[in-house]
Amino acid sequence: MGVLVSNHDFTHGELAPTLYAQSALRLYNKCAAKLENFLILPGGAARTRFGTITQFNLSALPVGATHFQLFSWDTGLHKYLVIIGDVGGIKVLEVSTGTVTSITSPFPASAVEKREIKSGQSGSDIIFVHASTQPKTLTSNSTTGVVTGGDFVFKNPPNMSFDDNYDNTVFNLGSTSVTPGNVSDGGCPGLTITTMGNFGGFDASFVGGTFSALGTSTGQTIGQGRIVALHSSTHVQIRISAAFGQANNIGSAGVDLRASAYNSTYGWPACVAFYEDRMVFAGGSADQVRETVFFSRLNAYRDYDPGTGEATDGFGSLLGSNKSDNILNLVSGRSFQVYTQTAEYATPIVAYQRLSPGTVNLRLQTSKGSTITTPIVLDDSTAYVRRGGRAIMGFTGGVASYSYSSSDVSTISSHLIQNPVDMAAFLADEAYDANLAMVINEDGSMIFQQTLQEEAVSAWTSGSTYGDDKWLNVSVLDNEVYFITERDGQPSLEQLDWTVSMDCAQSVTLAAGIQIVQLSGPYYNSREVSIVTGVGADIQHPSGSYIGTVTSNATGQVTFEAPQAGEYYFGFKFDRNLTTLPAHVLTPNGDTLYLKKRISKVFIQYYDAYPFRVNGMEVPLYHEVTLNQPNPPKSGIYATTVNKTGWDRTADVEISMDYPLPLTILGITARVSI
């Protein structure tokens, strides 16, 4: 009779090959050796992943670019994709109208190639930053949706002391009094150096910086002003905000002279975010700012004036680690989070306390380190790529504490993590109740994590696309997901679609008879194209009829005979492979994992399925082509003898599919002889 071995669910996804010997693990029979292009439903079933469609004008992609960064921008009134190329500038696509706006890119090609450009958005503005370049602002007109671009300009920039060696330097002020608000910059008093001493003198980087010295005996203890104009290395103009105690012969003792933290001399911010009504800049190329975070004044995003330290004033915070570090990413989560090469920092999780100059406290939480890849928020946790690129970490705040912990959420599927370069979290999934993380590896493969805390689902699965094509970028915009792919060496902009089981699909309405269809896009030229019709609109129960596969000509034309008038989809099919782990049985005498065994019969419970194969043999599901309407898939249990003779130590079941149609596997039981 043999022994029955079952996989009733796949809630823990693909198991890393290094764990195949761990058959005693509680989750062993809730995993598989391979789940290529499957996603895991809340109950543990394996469903064919989504397909993609491409209906976009190719002008939405920067011309000539081979590397991209893809950003989503939702103003509430208009939705855009922002695509920055290593060449070809910036393209802004308004997704509802298809309107494309071209904007000159200030960013170097290497920044795009290394995916170093970061963004932050608030209302009708989105800000892009890179340490080499002045921040770029894109603004959407709330009425027309027209997008314009320009340099981000500070009202009062954050400041930093880059040269504090003022020994023997003597300063003179043109006035000690607070400058009236109606005085122009040109009318502000002068600040001159009468004795240079060890100081190198003023330069353009000091415009926007501050000068502080002793104040009056009856007023402010510190006099302060902001430098508004440069005339020479010894002469600037200053707008005084707190009165000084003296005007002449101000010695170096007690002097604090600061330059603008970000400028063309010292570089620009590496990261940007918005948090609790403040704009936040952080990091940069200069040593003095690589570990510093600057918060704007409350509701004044261009103003970083520290003022007198009131709750609404701007402020800065130095991470203060014991080693040289670089800020790589900022995340606005349950509290404010900072990710560096070597550690993770956060402000305490305190619901009743807003950040202010008196409350800011960026504390070291964990010391795992991360990469430049932008983190995502998933299941009340922030997922980031651990330094080295071989693990996805979950940064989670404690329920009963003010601190965070980092844990490896990809441990049992570590073989899938191959230096991720882009990630996105899809939380508005209408196809089934689960959260979906999409992670693109450096080699162009895509992997998926499906999570549903209530059902203990945390499953990693692998993804591929047609042939040697690659996934390059992914971004979520409201309830839609967009990808940039490389197909036959050409870039393609595509959108997630649950109703098709092909990639890069285009729909065309045709009459019956011989048809010559011109496909849009150079990536179809001289390639095998699959044809499906009768695609239904029900994303939870997709359907369709497979017509066949043809090879397009050198210009992307497809010739075939349409059986009947209707809508036809043309696209690239992708492989499906579900392979069970090596079968084993726990007996009173021990585990049979390493014993030779044979699978004599397999029982497959399938759902919303079309013909598939079990160890190479096709399951003969009834499949009739009916045009102009969805062809319902089949559900049931299929029992078959396995076309696999002899005995081996790694007996398994492999399910595959030849057709670009839906398939869901609920469970597998194998009869194993030992």
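The values are calculated or read from the model by the stated rules, or taken from the named source; none is laboratory data. The model shown is predicted, which means the values in this text are computed figures rather than measured ones. Reconstructed Cβ throughout: ideal geometry from the backbone, glycine too, with neighbour counts over all protein chains shown. In case anyone asks, the SASA skips ligands and DNA or RNA and just uses the protein heavy atoms, side chains included. Shrake-Rupley method; radii C 1.70, N 1.55, O 1.52, S 1.80 Å.
Taking Cα centre as origin and charging only the Cβ of basic (Lys, Arg, +1) and acidic (Asp, Glu, -1) residues, the dipole magnitude of the chain rounds to 1080 debye. Would you work out which of T396, T451, A21 lies farthest towards the positive end of the dipole of the chain, given +1 charges on the beta-carbon of Lys and Arg and -1 on that of Asp and Glu, about the Cα centre? Selected residue: A21. The charge dipole of segment 265-313, taken about its Cα centre with unit charges on the Cβ of Lys, Arg, Asp and Glu (plus for the first two, minus for the last two), comes to roughly 180 debye.
Here's the list of aspartates and glutamates a cross-link from K30 could span, going by alpha-carbon distance under 15 Å and ignoring same-chain residues fewer than 8 apart: D9, E14, E455, D652. Here the contact order of the chain, divided by its residue count and restricted to Cα pairs under 8 Å and six or more residues apart, works out to 14 percent. Indicate the gyration tensor shape class of segment 1-116 (rounded, prolate or oblate), computed on the Cα atoms with a ≥ b ≥ c the square roots of the eigenvalues: a/c under 1.5 is rounded; otherwise a/b larger than b/c is prolate and the rest oblate. Prolate, because a/c is 1.5 or more and a/b exceeds b/c.
When the Cα gyration tensor is reduced to axis lengths a ≥ b ≥ c, the ratio a/c is 1.5 or higher for segment 434-534, and with a/b above b/c it is classed as prolate. Which pairs break 23 Å Cα to Cα here: K91/K573; K91/K470; K573/K597? Listed pairs above 23 Å: K91/K573; K573/K597. Taking a ≥ b ≥ c as the square roots of the eigenvalues of the Cα gyration tensor of segment 94-247, is the shape rounded (a/c under 1.5), prolate (a/b larger than b/c) or oblate? Judged from the Cα gyration tensor, segment 94-247 comes out prolate (a/c at least 1.5, a/b above b/c). Rolling a 1.4 angstrom probe over the chain with all protein chains present gives an accessible area of which 48% lies on carbon and sulfur atoms.
Averaging the Cα positions of each part gives two centres, and for segment 491-528 and segment 650-674 these lie 30 Å apart. With the dipole of the chain worked out from charges on the C-beta (+1 for Lys and Arg, -1 for Asp and Glu) around the Cα centre, which of G223, Y80, T342 lies farthest toward the positive end? Positive-end residue among those listed: T342. Under a model in which nothing but the beta-carbon of Lys, Arg (+1) and Asp, Glu (-1) is charged, segment 533-674 shows a dipole of about 720 debye around its Cα centre.
Per-residue Karplus couplings for segment 186-203, computed as 6.51 cos²θ - 1.76 cosθ + 1.60 with θ equal to phi - 60°, are listed in order as x, x, 6, x, x, 10, 10, 9, 8, 9, 6, x, 8, 7, x, x, 6, 9 Hz, Gly and Pro entered as x.
Which lysines have a Cα lying under 20 Å from the Cα of K596, excluding residues fewer than 8 positions away in the same chain? Partners within reach: K644. Distance from the alpha carbon centroid of segment 537-584 to that of segment 52-98 works out to 27 angstrom.
Taking GluC sites (Glu not before Pro) across segment 357-458, the ones in a DSSP loop with at most 14 further Cβ atoms lying within 10 angstrom of their Cβ are E430, E442. Could you state the number of Å between the C-alpha centres of segment 384-403 and segment 146-175? Centre-to-centre (Cα) distance: 36 Å. Of the residues A431, F572, G667, the one whose Cα sits farthest toward the positive end of the charge dipole of the chain, with +1 on the Cβ of Lys and Arg and -1 on the Cβ of Asp and Glu, is G667. Subtracting the Cα-Cα distance of S96 and D256 from 0.36 nm times their residue separation leaves 52.3 nm of extension gain. Taking 24 Å as the straight-line reach from the Cα of K368, the lysines in range (excluding those fewer than 8 positions away in the same chain) are K114, K118, K323. Averaged over its residues, segment 496-579 has an accessible area of 37 Å² per residue, based on protein heavy atoms and a 1.4 Å probe.
Taking every DSSP helix (H) stretch of at least 4 residues in the chain, weighting each as -39,500 (n - 2.57) and dividing the sum by the residue count yields a mean residue ellipticity at 222 nm of 0 deg cm²/dmol.
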